[in-house]
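Contents: one structure, followed by commentary.
The values are calculated or read from the model by the stated rules, or taken from the named source; none is laboratory data. What you see is a predicted model, and the numbers here were worked out from it, not measured in a lab. Every residue, glycine among them, receives a Cβ derived from its backbone with ideal geometry; neighbour counts consider all protein chains shown.
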């Protein structure tokens, strides 16, 4: 393990991250909310810590190996949670547990919260929450690789550890730095368009920017306790639907569509096509159930809420306009299942990712076929291309660890005092990066035991780093020379 190189990189990344405390200072000065000193202190503390780490090893150069990249990513997301929590402790005066929970929930784009009374918080603190999600959406690490080529470390190792999806070696451009930069250009462009669209629907400039950050990042934080239900506006929900959908699509597809000026690329892609079909099918089923059970008297209202919440949950954004946990029959369980599916690989969404679900389905069909025709040679294909056996093994390994981790975390949360529904809902909300759960965590995590909050923090990091990146650190082989 190249400890000096890792320390140097963490120091550089912390110095980069310290700059993100400056926009809230501007917001505080413009709104005169009295929080400028809080964010000024956060900037100074983060910068000083980064310098303290970087200075002793500033002359060390070296190329990161793959396992070094995993450690850097896991360490940095942990450090992000601690330093992102500082304004919550100095401003709203949250204790350490709640502050770290709120910051990690933001960075991992989960959107779960322990804060009640968002509408009364200072604007700069609200902006800080939203900015955390925007930075976490495509990954601060990828941002660092995009704009700091002078890091002097292997960018591909960081990119592979940070990027979600089973096929992480695919690059849009020959150089990894250009790939990361291209992704951020797409990300920034969609954010600007989303903010303008929200403003056009009648939101204030502040709310439009705040919601654009969490919509494109599929995070779900809102400056209002009622989330998007605060507006009770079909126009606002329509904008949210469109940009949540886009946030849940592989950003490489957005780049291909933009470069080729051909939106048909979306439908030609197997994963994106399956993603859209699943949304239509789930929305139709839930809307029909809501209407036929009398939960809604209007078919139009049933469809409106069903479409919005299916898109919100499958993209793991977590915006709400209604209490879906109280919807009838099987709908809450189905909503939870949708959250486990998640969005597309290479998107800002959480969950297991649609491409993995597609591959697992195809593998199931493949095995059923071989039972009938044991001598047949029929490889699993994705988009008419055979899927390498190594990728299928990775998918099965990921699925096994994901389900096992969810079961263990559910059991631990039950041991900490939650009932089965609440424990399962908390795990569904955190490991899938959804935000709202079931039972006592249907709206927030304010009243759950402290140990549950720390388990939720671990679950959010586990989901954001796609299980392997975090759990590999707990294996003896990782540390063996």
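Details
- The residues of segment 309-335 that are in a helix (DSSP H, G or I) and surrounded by fewer than 22 Cβ atoms within 10 Å (Cβ to Cβ), listed by number, are 325, 326, 331, 332, 333, 334.
To keep it simple, each residue is scored yes or no on (1) closer than 22 Å to residue 430 by Cα; (2) touching a strand residue (DSSP E or B) at 6+ places or on another chain (Cβ under 8 Å); (3) in contact (Cβ under 8 Å) with a residue 60 or more places away in the chain; (4) outside any helix (DSSP H, G or I).
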| position | (1), (2), (3), (4) |
| --- | --- |
| 213 | yes, no, yes, no |
| 218 | yes, no, yes, yes |
| 224 | yes, no, yes, yes |
| 235 | no, no, no, no |
| 238 | no, no, no, no |
| 242 | no, no, no, no |
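- Comparison of 281, 274 shows that the only residue that is surrounded by fewer than 22 Cβ atoms within 10 Å (Cβ to Cβ), touching a residue at least 12 places away in the same chain (Cβ under 8 Å) and either part of a helix (DSSP H, G or I) or at negative phi (or both) is 274.
- Selection count where residues are surrounded by fewer than 23 Cβ atoms within 10 Å (Cβ to Cβ) and touching a residue at least 60 places away in the same chain (Cβ under 8 Å), scope segment 77-99: 5
- Any hit, segment 300-308, residues being buried (at least 21 other Cβ atoms within 10 Å of the Cβ) and within 21 Å of the chain's Cα centre (by Cα): yes
- Matching option when the condition is surrounded by fewer than 17 Cβ atoms within 10 Å (Cβ to Cβ) and at pLDDT 90 or above, among 396, 454: 454
- Taken across segment 113-123, residues that are closer than 25 Å to residue 468 by Cα and within 17 Å of the chain's Cα centre (by Cα) do not occur at all.
- Those residues of segment 418-445 which are touching a helix residue (DSSP H, G or I) at 6+ places or on another chain (Cβ under 9 Å), within 25 Å of residue 95 (Cβ to Cβ), at pLDDT below 90 and not in a helix (DSSP H, G or I), in sequence order: 435, 436, 437, 442, 443
- Residue check, residue 423 buried (at least 22 other Cβ atoms within 10 Å of the Cβ), under 21 Å from the mean Cα position of the chain (by Cα) and more than 23 Å from residue 218 (Cβ to Cβ): yes
- Residue in segment 370-383 that is at pLDDT 95 or above, out of contact with any helix residue (DSSP H, G or I) (no Cβ under 6 Å at 6 or more places or on another chain), surrounded by fewer than 18 Cβ atoms within 10 Å (Cβ to Cβ) and farther than 20 Å from residue 318 by Cα present: no
- Residues that are touching a helix residue (DSSP H, G or I) at 6+ places or on another chain (Cβ under 7 Å), surrounded by fewer than 24 Cβ atoms within 10 Å (Cβ to Cβ) and not in a loop (DSSP other than H, G, I, E, B), drawn from segment 407-417: 409, 410, 412, 414
- Contacts under 7 angstrom Cβ, first residue in segment 316-336 being at positive phi and in contact (Cβ under 8 Å) with a residue 12 or more places away in the chain, partner surrounded by fewer than 21 Cβ atoms within 10 Å (Cβ to Cβ) and not in a loop (DSSP other than H, G, I, E, B), 6 or more apart: 329/289
- Residue 349 vs. criteria without any contact (Cβ under 8 Å) to a residue 24 or more places away in the chain and under 20 Å from the mean Cα position of the chain (by Cα): no
- Count - residues of segment 254-270 that are touching a helix residue (DSSP H, G or I) at 6+ places or on another chain (Cβ under 6 Å) and assigned to a helix (DSSP H, G or I): 7
- Which numbered condition residue 388 misses (of (1) in contact with a helix residue (DSSP H, G or I) (Cβ under 6 Å, 6 or more places away or on another chain); (2) without any contact (Cβ under 8 Å) to a residue 60 or more places away in the chain; (3) surrounded by fewer than 17 Cβ atoms within 10 Å (Cβ to Cβ)): (1)
- The residues in segment 347-383 that are in contact with a strand residue (DSSP E or B) (Cβ under 8 Å, 6 or more places away or on another chain) and either more than 30 Å from residue 311 (Cβ to Cβ) or outside any helix (DSSP H, G or I) (or both) can be counted, and the count is 2.
- Every residue from segment 426-442 that is surrounded by fewer than 18 Cβ atoms within 10 Å (Cβ to Cβ) and under 21 Å from the mean Cα position of the chain (by Cα): none
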